[in-house]
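Trainee: Just dropping this structure here.
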Amino acid sequence: MAKRTERLDKVLSMSGYGSRKDVKKIIKQGEVTVNGRTVTDAGTLVDPAADLICVFGEPLLFKEFVYIMMNKPQGVISATRDSRETTVIDLLEGEYSHRKLFPVGRLDKDAEGLLLITDDGKLAHRLLSPRKKVEKVYYIKVKGCLGEEDVKAFSQGIFLGDYRALPAKLEILNSGEVSSALVTVYEGKFHQIKRMVKARGKEVIYLKRLSMGPLKLDENLSPGEWRELTDEEVSMLKAMESDYQL
């Protein structure tokens, strides 16, 4: 396998040692070694997966990409930055400020649940591509009585005025003045589930995403909490390239 090389200053910056300007100073001061040799040229090409890079005498732990699972709370928007609203990136409290992280897809401001945050654009594209038809499961509460006619309508695909939603699965958990259900969709149009329910004469009053492809929300995460994905979770997501039809 061919080496994947990057500039040394870029590798250090991505690893949290500061801006490119900051790490160039560290390198120039002789505080960085590569395979035991001091390197003072910030443009030196290194393979962080194969080369032993030490900073201030400590081995560098390089991550090409970061993958974060967040239980998005209500009242927070799925964006990287906003001058007026709190974003999901704000909830990370600057811990990954050296990475260019972004949320994969979006959850409405009043919705909560599973949100993947990463800087892996290729993986994000696979998860969001309509051609991949990655399933997303939501728990919803609905003002109004859900019934078998709604289940049938969801399974056939509901026309929403400007487009027809792909067939979806509606599993009723409780039916009454306020109903609850699980909804599985294979696309991510704006306000899609709310619009589908509204087309059936009812209103979504609570929405929580439980899963996205093979990734399931960690039940130990309270709203607003987050953690990095395990190696197993990352492997499952990356395996979708062969599991889902292009």
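The values are calculated or read from the model by the stated rules, or taken from the named source; none is laboratory data. These numbers were taken from a predicted model, which means no experiment stands behind them. Don't worry about glycine lacking a Cβ; one is built from the backbone with ideal geometry, like all the others, and counts go over all protein chains shown.
Trainee: Mind checking which helices (runs of 4 or more DSSP H) fall wholly inside the stretch 162-246 and carry at least 3 residues that are surrounded by 14 or more Cβ atoms within 10 Å (Cβ to Cβ)? Spell out how you get there, then give the answer.
Mentor: Values: elements: 192-199, 231-238, 240-243.
Those helices (runs of 4 or more DSSP H) span 192-199, 231-238.
Trainee: Now a separate question. Residues Leu127, Leu114, Leu107: which one is touching a strand residue (DSSP E or B) at 6+ places or on another chain (Cβ under 8 Å), part of a loop (DSSP other than H, G, I, E, B) and buried (at least 17 other Cβ atoms within 10 Å of the Cβ)?
Mentor: Exactly one of Leu127, Leu114, Leu107 is touching a strand residue (DSSP E or B) at 6+ places or on another chain (Cβ under 8 Å), part of a loop (DSSP other than H, G, I, E, B) and buried (at least 17 other Cβ atoms within 10 Å of the Cβ), namely Leu107.
Trainee: From the list Val11, Val88, Val23, which one is at negative phi and modelled with pLDDT of 95 or more? Steps first, please.
Mentor: Values: Val11 fails: modelled with pLDDT of 95 or more; Val23 fails: modelled with pLDDT of 95 or more.
Going through Val11, Val88, Val23 in turn, just one is at negative phi and modelled with pLDDT of 95 or more: Val88.
Trainee: Considering only the stretch 78-92, I want to know if a residue exists there that is charged (D, E, K, R), surrounded by fewer than 15 Cβ atoms within 10 Å (Cβ to Cβ) and in contact with a strand residue (DSSP E or B) (Cβ under 9 Å, 6 or more places away or on another chain).
Mentor: There is at least one residue in the stretch 78-92 that is charged (D, E, K, R), surrounded by fewer than 15 Cβ atoms within 10 Å (Cβ to Cβ) and in contact with a strand residue (DSSP E or B) (Cβ under 9 Å, 6 or more places away or on another chain).
Trainee: Going by the structure shown, is Ile89 among the hydrophobic types (A, V, I, L, M, F, W, C) and not assigned by TED's automatic domain parsing to the domain that holds Asp119?
Mentor: Numbers: among the hydrophobic types (A, V, I, L, M, F, W, C): yes; not assigned by TED's automatic domain parsing to the domain that holds Asp119: no.
It is false that Ile89 is among the hydrophobic types (A, V, I, L, M, F, W, C) and not assigned by TED's automatic domain parsing to the domain that holds Asp119.
Trainee: Test Leu128 against the stated conditions and say whether it is touching a Lys or Arg at 6+ places or on another chain (Cβ under 8 Å) and at pLDDT below 95. Can you show your working first?
Mentor: On the way: touching a Lys or Arg at 6+ places or on another chain (Cβ under 8 Å): no; at pLDDT below 95: yes.
So Leu128 fails the test.
Trainee: Next question. Do we find that Val55 is surrounded by 18 or more Cβ atoms within 10 Å (Cβ to Cβ) and either touching a Cys at 6+ places or on another chain (Cβ under 7 Å) or not assigned by TED's automatic domain parsing to the domain that holds Glu233 (or both) in this structure? Lay out the reasoning, then the answer.
Mentor: On the way: surrounded by 18 or more Cβ atoms within 10 Å (Cβ to Cβ): no; either touching a Cys at 6+ places or on another chain (Cβ under 7 Å) or not assigned by TED's automatic domain parsing to the domain that holds Glu233 (or both): yes.
It is false that Val55 is surrounded by 18 or more Cβ atoms within 10 Å (Cβ to Cβ) and either touching a Cys at 6+ places or on another chain (Cβ under 7 Å) or not assigned by TED's automatic domain parsing to the domain that holds Glu233 (or both).
Trainee: Which one is farthest from the chain's Cα centre (by Cα) among residues in the stretch 2-37 that are surrounded by 14 or more Cβ atoms within 10 Å (Cβ to Cβ) and polar (S, T, N, Q)?
Mentor: Looking at residues that are surrounded by 14 or more Cβ atoms within 10 Å (Cβ to Cβ) and polar (S, T, N, Q), I get Thr33.
Trainee: Only one of (1) in the same structural domain as Gly224 (by TED's automatic domain parsing); (2) surrounded by 15 or more Cβ atoms within 10 Å (Cβ to Cβ) is not met by Glu95, so which one is it?
Mentor: (2)
Trainee: When you go through (1) modelled with pLDDT under 95; (2) within 23 Å of Glu219 (Cα to Cα) one by one for Asn71, which number turns out not to apply?
Mentor: (1)
Trainee: Condition first: assigned to a loop (DSSP other than H, G, I, E, B), over 26 Å from the mean Cα position of the chain (by Cα) and charged (D, E, K, R). Can you find one or more residues in the stretch 142-151 that meet it? Before you say what the answer is, go through the steps one by one.
Mentor: Going residue by residue through the stretch 142-151, those that are assigned to a loop (DSSP other than H, G, I, E, B) are 145-147.
Narrowing further to those that are over 26 Å from the mean Cα position of the chain (by Cα): 145-147.
Still in the list and also charged (D, E, K, R): none.
Among the residues of the stretch 142-151, not one is assigned to a loop (DSSP other than H, G, I, E, B), over 26 Å from the mean Cα position of the chain (by Cα) and charged (D, E, K, R), which makes the answer no.
Trainee: Moving on. Would you be able to say whether some residue in the stretch 38-50 is at pLDDT 90 or above, over 27 Å from Thr230 (Cα atoms), exposed (fewer than 13 other Cβ atoms within 10 Å of the Cβ) and under 24 Å from the mean Cα position of the chain (by Cα)?
Mentor: No, the stretch 38-50 contains no residue that is at pLDDT 90 or above, over 27 Å from Thr230 (Cα atoms), exposed (fewer than 13 other Cβ atoms within 10 Å of the Cβ) and under 24 Å from the mean Cα position of the chain (by Cα).
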